[in-house]
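Chemist: Following this message is one structure expressed as structure tokens.
The values are calculated or read from the model by the stated rules, or taken from the named source; none is laboratory data. Because the structure is a prediction, the values reported are computed rather than measured. Here the Cβ positions follow ideal geometry from the backbone for every residue, glycine too, while neighbour counts run over all protein chains shown. Ligands, DNA and RNA are stripped out before the accessible areas are found, and what is left, the full protein with its side chains, is counted by its heavy atoms. Shrake-Rupley method; radii C 1.70, N 1.55, O 1.52, S 1.80 Å.
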Amino acid sequence: MAVSSCSFPPRVFNAYSSFECRSDPDFSGTPTGEKPRIGSNRRVTASLFCTGGGGLSSLIFRFPPNFVRQLSVKARRNCSNIGVAQVVAASWSNGPTSGYPSSAAAAACQAAAASVPVSDDVAVVEGCIDNDSVQIGDSYDSKTSFLSSDGSITVHAGERLGRGIVTDAITTPVVNTSAYFFKKTQELIDFKEKRHTSFEYGRYGNPTTVVAEEKISALEGAESTLIMASGMCASTVMLMALVPAGGHIVTTTDCYRKTRIFIETILPKMGISATVIDPADVDGLESALNKNKVSLFFTESPTNPFLRCVDIEKVSKLCHSKGTLVCIDGTFATPLNQKALALGADLVLHSATKFIGGHNDVLAGCISGSEKLVTEIRTLHHILGGTLNPNAAYLIIRGMKTLHLRVQQQNSTALRMAEVLEAHPRVKRVYYPGLPSHPEHEIAKRQMTGFGGVVSFEVDGDLMTTIKFVDALKIPYIAPSFGGCESIVDQPAIMSYWDLSQAERSKYGILDNLIRFSFGVEDFEDLKADILQALETIA
């Protein structure tokens, strides 16, 4: 934070508690409790301490962990600033007894400070100058990054190369605030006239949330990402922002049921109609594009729960030839297994609740794409709300650091178990894009590097037989959702479609014997043994 006013009493003082890294003996002889007081919103700079005529003796002055960064938001990359810190440290540790550094040390400090190039990013403070009250770090730039693999990006993107929170903490701090203050009314006016940067209000942004957004952008290769309170929030806001009243969209038969409900019941109230096609029906898509002025093609790939795959490159070229946007919900794929934007999609959406968060402990949704499109969605989002709490953003950041490890394990387990299930006499059919029997296996091989951690399959039996199988499982939880460390199993006929009759469920392909199994990070052999023993109970 910046200095807006500053003064120190002319006395010898020991390091104040917030500056201490460890408990060391106090050799200064200063009475306990006599410590300089600086408001929590003050930034200490080198030249501030270079204006006196004395020095400190018999005093171990410990720097705050983020002191060098406090000199400049680019201090990690600016050796001159580190030199300033070293000069100041020497003057404090080795100078003659007094309340301030010696004049020689002060001169050296001023000379070192003068050598620091002054720019918009570096402010050398002479005495007490009122600087910006919010110190914003550098944004992550994937184009200049030394991180070449997805695994490294999930760990460091948005953080290692600079973030909007100036700190030496390895983990990104949680900024719990509902609003941001302005020092003077003129600063507020400057903000309103776009000469000053601020989030202004918690609904419009948060430093912790920005780190999560930048991490996802880097992973997706996107210009911008907007993270929201849930996957459904991301879907609904995106649809309302990009499809005009009276517009038309194309979507696919197999999808998350709440998405279908929104398209079938809410969008018509806005005069928005929809054409629903099979995920592989490119001819049906072309026909819809020719008959209607289609604003958006929106589909999951892979889909829920049958894991159907859309040829993203092909449909993107077709849609763009008609001026239609393409948004892919890649939740089942994850950004590691599929790069929808690189394949031609305009936007990619995720329920970050699932694999991205990865620990069954947070709700979030995100949408990534060009700055222009994401800004349109962001504008409506600021009106509707659905803001992600910064504590939830922290959980997303933490979860993403192990995303590549979890997904590798889940890809491997799911593929191996799909093969085991397909060969088992008590299983009628398996839905998994990694299997040659899957209708879009060739498409999946072409556009995915892994096939995901979810396998759907039909056991040989009726509703009660399927219930018996599910209840015999010992490892997975019976629950909605997927993509976490813990395996989860559910019967879609009961979990998601129980309010419909059997005949109505069948229209969507949801049979009573359908199982959706999300594999966690448990050992493959343990999961295999558990599933096989459960299948034996219905033999």
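Chemist: Please go through region 350-399 and give me each residue that is free of Cβ contacts under 8 Å to residues at least 24 places away in the same chain and among the β-branched types (Val, Ile, Thr), ordered by number.
Modeler: Within region 350-399, just Ile383 meets the criteria.
Chemist: Let me ask something additional. Spot the failing condition for Ser456; the list is (1) hydroxyl-bearing (Ser, Thr, Tyr); (2) in a helix (DSSP H, G or I); (3) closer than 30 Å to Thr402 by Cβ, and only one is missed.
Modeler: Here Ser456 clears every test but (2).
Chemist: Pairs, please: C-beta under 8 Å, at least 6 apart or cross-chain, first residue over 9 Å from Phe519 (Cα atoms) and open to solvent by less than 70 Å² (accessible area, probe 1.4 Å) and in region 408-426, second charged (D, E, K, R) and part of a loop (DSSP other than H, G, I, E, B)?
Modeler: Once the first residue is over 9 Å from Phe519 (Cα atoms) and open to solvent by less than 70 Å² (accessible area, probe 1.4 Å) and sits in region 408-426, its partners that are charged (D, E, K, R) and part of a loop (DSSP other than H, G, I, E, B) give Arg426/Asp460.
Chemist: Now, a different point. Report yes if some residue within region 482-491 is in a helix (DSSP H, G or I) and within 21 Å of Thr259 (Cα to Cα); otherwise report no. Talk me through it step by step, then tell me what you get.
Modeler: Within region 482-491, the first condition is being in a helix (DSSP H, G or I), and the residues that meet it are none.
No, region 482-491 contains no residue that is in a helix (DSSP H, G or I) and within 21 Å of Thr259 (Cα to Cα).
Chemist: If you check every pair at least six apart or on different chains, which have Cβ atoms under 6 Å apart with a residue in region 511-523 that is assigned by the TED database to the domain that holds Tyr477 first and a residue that is open to solvent by less than 40 Å² (accessible area, probe 1.4 Å) and among the acidic types (Asp, Glu) second?
Modeler: Going by the 6 Å Cβ cut-off, the qualifying pairs are Asn513/Glu458; Leu514/Glu458; Arg516/Asp490.
Chemist: Let me ask something additional. Which residues, counting only those in region 269-317, are touching a Phe, Trp or Tyr at 6+ places or on another chain (Cβ under 6 Å) and on the phi < 0 side of the Ramachandran plot?
Modeler: Taking region 269-317 as the starting set, the residues that turn out to be touching a Phe, Trp or Tyr at 6+ places or on another chain (Cβ under 6 Å) are 302, 304, 306-307.
Residues satisfying the conditions are Pro302, Asn304, Phe306.
Chemist: Those residues that are in contact with a strand residue (DSSP E or B) (Cβ under 6 Å, 6 or more places away or on another chain) and within 13 Å of Leu219 (Cα to Cα), I need them from region 331-348; list them, please.
Modeler: Ala340, Leu341, Val348
Chemist: What strands (runs of 3 or more DSSP E) completely inside region 268-372 contain at least 2 residues that are open to solvent by less than 10 Å² (accessible area, probe 1.4 Å)?
Modeler: 294-300, 325-329, 347-351, 365-369
Chemist: Another one. Residue by residue through region 496-528, note down the ones that are surrounded by fewer than 18 Cβ atoms within 10 Å (Cβ to Cβ) and assigned to a helix (DSSP H, G or I). Full working, then the answer.
Modeler: Taking region 496-528 and keeping what is surrounded by fewer than 18 Cβ atoms within 10 Å (Cβ to Cβ), we get 498-504, 506-507, 509, 522-526, 528.
Hits for region 496-528 are Gln502, Ala503, Glu504, Ser506, Lys507, Phe524, Glu525, Asp526, Lys528.
Chemist: Specify the residue that is nearest to Val174 (Cα to Cα); the eligible residues are those in region 374-395 that are assigned to a helix (DSSP H, G or I) and open to solvent by less than 20 Å² (accessible area, probe 1.4 Å).
Modeler: Pro390
Conditions (1) within 29 Å of Thr449 (Cβ to Cβ); (2) modelled with pLDDT under 95; (3) surrounded by fewer than 20 Cβ atoms within 10 Å (Cβ to Cβ); (4) aliphatic (A, V, I, L, M), marked per residue:
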residue	(1), (2), (3), (4)
Lys184	no, no, yes, no
Glu187	no, no, yes, no
Phe191	no, no, yes, no
Tyr201	no, no, yes, no
Ala212	yes, no, no, yes
Leu219	yes, no, no, yes
Cys233	yes, no, no, no
Thr236	no, no, no, no
Pro244	no, no, yes, no
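Chemist: Hey, can you tell me all the residues within region 337-366 that are on the phi < 0 side of the Ramachandran plot and either touching a Cys at 6+ places or on another chain (Cβ under 8 Å) or in the same structural domain as Gly483 (by the TED database) (or both)?
Modeler: Result: Ala345, Asp346, Leu347, Val348, Leu349, His350, Ala352, Ile356, His359, Gly365.
Chemist: Does Ile263 qualify as being part of a strand (DSSP E or B) and surrounded by 20 or more Cβ atoms within 10 Å (Cβ to Cβ)?
Modeler: Judged against the criteria, Ile263 is not a match.
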